[in-house]
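Following: one structure in structure tokens, then a few remarks.
The values are calculated or read from the model by the stated rules, or taken from the named source; none is laboratory data. No experiment lies behind these values; they were computed from the predicted model shown. All Cβ positions, even for glycine, are placed from backbone atoms using ideal geometry, and neighbour counts span all protein chains on display. These accessible areas exclude ligands, DNA and RNA; they are computed on the full protein's heavy atoms, side chains included. Shrake-Rupley method; radii C 1.70, N 1.55, O 1.52, S 1.80 Å.
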Amino acid sequence: MFLEDSGGFRPSFTVQYFDADGKRRKAPPGTPDKATAERIAAKIENEVAERRRGLIDTKAERYAREARRPIHEHLADFSRHLADKGSTAGHIAQTTRQGEAIISDCKVERIDGLTGAAVMRAIGERRSGGASLRTCNSYLTAVRSFTRWLWK
């Protein structure tokens, strides 16, 4: 772990370190105060050491980071996944459109808000609004494939 001075008119210290996997990283952004940069460096050094010892669950960190992303970003990733696995353009468009419709009906922003009860309520509203059983099942299948992909 070391501090790097940018060497410009105003000093700006940037922390560079090796992560738990041995990759060189740079902590964003630089700070004009060396003491603050040293505190940041010490904090990062402790976190890296805890990851190496297995005290920090990296899988749980990743899940938490993904849970903070907007659900529409996940749906876009799902759409790319469908394309990568060779689904037809029509299937991708229909699945994505139906997933967006149910997510919009559920009024959720993040994946933790997409519950089974909320989805079933949205499907029920479509059914009572005149949608056929086949159409409702198609919407349900689209959402189920999306949530299964999220789970995996």
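Worth a mention:
- Counted residues, the range 90-117 - those being part of a loop (DSSP other than H, G, I, E, B) and open to solvent by less than 30 Å² (accessible area, probe 1.4 Å): 2
- Hits in the range 118-131 - residues which are out of contact with any Ser or Thr (no Cβ under 9 Å at 6 or more places or on another chain) and either open to solvent by less than 100 Å² (accessible area, probe 1.4 Å) or of a type in the set (S, T, N, Q) (or both): ALA118, ILE123, GLY124, SER128, GLY129, GLY130, ALA131
- Listed conditions (1) assigned to a helix (DSSP H, G or I); (2) aliphatic (A, V, I, L, M); (3) farther than 16 Å from TRP151 by Cβ are all met by ALA60, apart from (3).
- One residue alone among THR95, THR115, THR147, THR135 is among the β-branched types (Val, Ile, Thr), without any contact (Cβ under 8 Å) to a residue 40 or more places away in the chain and under 18 Å from ARG80 (Cα atoms), and that residue is THR147.
- Candidates ALA42, ALA101, ALA117 - the one that is under 30 Å from ASP21 (Cα atoms) and not β-branched (Val, Ile, Thr): ALA42
- The condition (being modelled with pLDDT under 85, at negative phi and not basic (Lys, Arg)) is satisfied by just one residue among THR96, THR14: THR14.
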